[in-house]
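What follows is one structure encoded as C-alpha cells, with my remarks underneath.
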Amino acid sequence: MSATTYLELSETGGGAHKFYEVRVEDTEVTITYGRIGEQGQVRTAAFADHAKALAAAAKKVGEKVRKGYAPAVKGERQRRPVSRREIVSTRSTARQAPVLWRFASGAPAFGIFIGEDRAWVGNENGDVYTLTHDGQVTGRFGLPDSVKCIVADDFWVYAGCDDGNVYDLGAKVPRVAYEIAGDVDIYWLDIHDGVLGVSDRHGGVTVVDHEDEFQWSRPSTGDSAWMVRNSAEGVFHGDSSGVTHYSGRGDRVWHTDTSGSVLFGWQERAEVFAGTSRGWVHRFAKSDGRERAAYRCDAAVFSCATSPDGEFVFAGDNQSSVYCFAADGTRLWKLGTGCGSAYSMQYRDERLYLVTTDGSLACVDASPAAVHAAEQGQLPTRHDIKAGSLDRVEATAEVEVITAPTDGVIVECVQHNGRVRVHVVSEGYDSSWGVQFPKNIRVPGARYVVTEVITSASGSFYRARGEIKRIR
C-alpha cells in the first residue's frame with residue numbers, strides 16, 4: 001500500500017524554485033523537499049496504521065498547496081545553475097606569515113565572518129563552524145550545499161548557499177531567510193538592513209527586500225560579478241567591466257572602470273575596495289566613484305579587506321600570499337599563508353583571518369611586531385585545530401509545537417495578496433509592520449512564539465531573533 005504526491009513551486013520574477021514530495025508506504029510517511037533538480041532533505045515518520053499515515057500525508061500536501069505548490073512531473077523543470085569558485089593556487093615564495101592557529105574545516109572554504117566573540121567559517125561541504133577568537137570550536141551547522149559566503153547584518157549572521165537559499169544562522173538550527181530565483185547562478189551575496197543583493201555569473205545584480213520579495217534587477221556590460229556590497233547608499237556591484245553604484249531604487253549613480261576584472265569587493269563607511277585579476281586593489285569614494293588610491297600586488301587578487309576606515313588595506317592573491325598596504329598605497333609587507341590562497345578574509349583587532357583553498361580558517365598575527373619578527377624568520381608556535389566529532393546541526397523547516405507559551409513574542413502568519421505575511425500579535429508592537437521571518441515555515445493562520453523581535457535599522461519592519469516555536 002503506497003502512494004506518492006509530487007509538488008513544485010517555481011515562481012517567476014525572482015521567486016522560489018523548489019519541490020515537495022510526500023510518499024506513503026504502509027504506516028510510514030516520507031517527505032522529501034528542496035530545490036528542484038537536487039536531492040533534497042528527507043524526513044520520515046511512523047503512524048499507528050495506514051489510514052493515519054494517509055491522513056498525515058494529506059495534511060502536509062494541503063499545507064503546501066495553500067502556499068502555492070502545485071502537482072508537477074519530476075524532471076521537467078531543471079536544476080538551477082551553480083558555479084563554484086576555483087583558484088589554481090600555487091605556493092608562495094614569500095616568508096611565512098605569523099599564523100597563530102589554523103582550523104581544518106575539511107573542504108575549500110569561502111565564507112568567513114569575524115564577530116565580537118565568534119569566528120564563522122563555511123566550506124564547500126556545506127559545513128559552517130563557529131570558533132572562539134583563540135581557535136576553540138564551539139558549533140557546527142549543516143547546509144544542503146556549498147557555502148557561498150557568510151555575511152552579517154546588525155545582530156544577524158547569514159550564509160549564502162549553492163542550493164539557492166540564504167540561511168539565518170542566529171538560532172540553534174539554520175532556517176531559510178531568502179530564496180533566490182532558480183535561474184540565477186549566484187556568485188556573491190550581501191545584506192544591509194534586511195535588503196539582499198545578489199550578483200551573478202552573467203554580471204547582473206538582483207535586489208530583494210526583507211520579506212524576500214523581488215525589488216529590482218539590472219544587467220551589466222560585463223560578466224562574472226564577484227562583488228556586491230549593500231549599504232545605506234545603495235548597492236556597489238563589481239564585474240569584469242568595473243564597479244557600478246546603484247541607488248536603493250536601482251538607478252545607476254556612477255560607474256568606474258578597473259584594471260582587470262573585479263574578483264572581490266570590500267566596503268568601509270565612505271569607500272569601496274575592488275580586487276582585480278591584474279593584481280590591483282582599487283579604492284573608490286562611495287559618493288562619486290573617484291579613485292582615491294590603488295594597491296599593487298604581484299598576482300591576481302581573489303580577496304581583500306581593510307582595518308577600520310581603511311587605515312590599512314589587505315589583499316590575498318592566487319599564489320598563497322597576503323599583503324598589507326598603508327592607505328596611500330605603500331606596500332608594508334608580503335608574506336605566505338602556508339595553507340593555500342585566501343578566498344576571503346577579514347581583519348579584527350590586529351589579526352587577519354583567512355579562509356583558504358585547502359579548507360583552512362587561519363588566524364594571522366598582523367601586529368607590526370609579529371610581522372617584523374616573521375620577516376626575520378621568527379614565527380610563533382602554530383596551533384593546528386580539527387573539528388573532531390562535533391555533531392552537525394542540519395538546516396530544517398521543522399519547528400517544535402507547544403500548547404501555551406510562557407514568554408517571548410507571538411506572531412501570526414496571514415494571507416495577503418497571494419503572499420504569506422507575518423505580523424506581531426503581542427501587545428506593545430505595531431501590528432501593521434511586517435516581520436522578517438523564515439520563509440519555509442510560514443503557514444497561513446498559524447501563530448508562533450519567538451524569543452524576541454527587534455526593530456530594523458530603518459525603523460520600518462521587525463526582525464525575529466532567536467528560537468521559534470509553533471503554537472498549537
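Numbers for the structure displayed
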quantity: Placed amide H near T306: partners under 5 Å, 5+ positions off or other chain; calculated: F314, Y347
quantity: Compactness of segment 250-322 as Cα Rg over 2.2 N^0.38 Å, two decimals; calculated: 1.05
quantity: For q = 0.12 Å⁻¹, Debye-computed log10 I/I(0) when each Cα of segment 39-99 counts as one equal scatterer; calculated: -0.61
quantity: Assigned charges on the beta-carbon of Lys, Arg, Asp, Glu; segment 197-309 dipole about Cα centre (debye); calculated: 420
quantity: Over 26 Å (Cα to Cα) - which of K59/K148; K74/K469; K172/K286; K18/K148; K52/K439 fall in this group; calculated: K59/K148; K74/K469; K172/K286; K52/K439
quantity: Estimated D of segment 188-260 in µm² per second, where Rh is the Kirkwood radius over Cα pairs and Stokes-Einstein applies at 20 °C, 1.002 mPa s; calculated: 182
quantity: Additional length obtainable on full extension of the chain from V88 to A104, 0.36 nm per residue less Cα span; calculated: 3.8 nm
quantity: Radius, Kirkwood style, for the chain when every pair of distinct Cα atoms is counted (Å); calculated: 23.4
quantity: Over 17 Å [Cα-Cα, segment 210-250], rounded percent; calculated: 31
quantity: Accessible area expressed per residue, the chain, with surrounding protein chains retained (probe 1.4 Å, Å²); calculated: 42
quantity: Given charges at Cβ of Lys, Arg, Asp, Glu: the chain dipole, positive-most of I180, S458, V313; calculated: I180
quantity: Net lengthening on full extension, S2/D430 (0.36 nm per residue, minus Cα-Cα); calculated: 149.3 nm
quantity: D (Stokes-Einstein, µm²/s), Kirkwood Cα radius, segment 283-356, 0.890 mPa s at 25 °C; calculated: 196
quantity: With every protein chain in place, the chain: carbon and sulfur % of accessible area (1.4 Å); calculated: 46
quantity: Residues with amide H under 5 Å from that of Y343, placed H, sequence gap 5 or more; calculated: V355, T356, T357
quantity: Cα-based helix-to-principal-axis angle, 50-66 vs the chain, degrees rounded to 10; calculated: 60
quantity: Whole-angstrom gap from segment 187-215 to segment 416-436, using each part's C-alpha centre; calculated: 23
quantity: Square roots of 5 times each gyration tensor eigenvalue, C-alpha, segment 74-179, largest first, Å; calculated: 26, 20, 11
quantity: Within segment 158-250, trypsin sites (Lys or Arg not before Pro) in DSSP loop having at most 12 other beta-carbon neighbours inside 10 Å; calculated: K172, R249
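The values are calculated or read from the model by the stated rules, or taken from the named source; none is laboratory data. Everything quoted here is computed from the prediction, not taken from an experiment. FYI the Cβ positions are ideal-geometry reconstructions off the backbone, even for glycines, and counts take in every protein chain you see. Quick note on the areas: whole protein, heavy atoms, side chains included, nothing else; ligands and nucleic acids left out. Shrake-Rupley method; radii C 1.70, N 1.55, O 1.52, S 1.80 Å.
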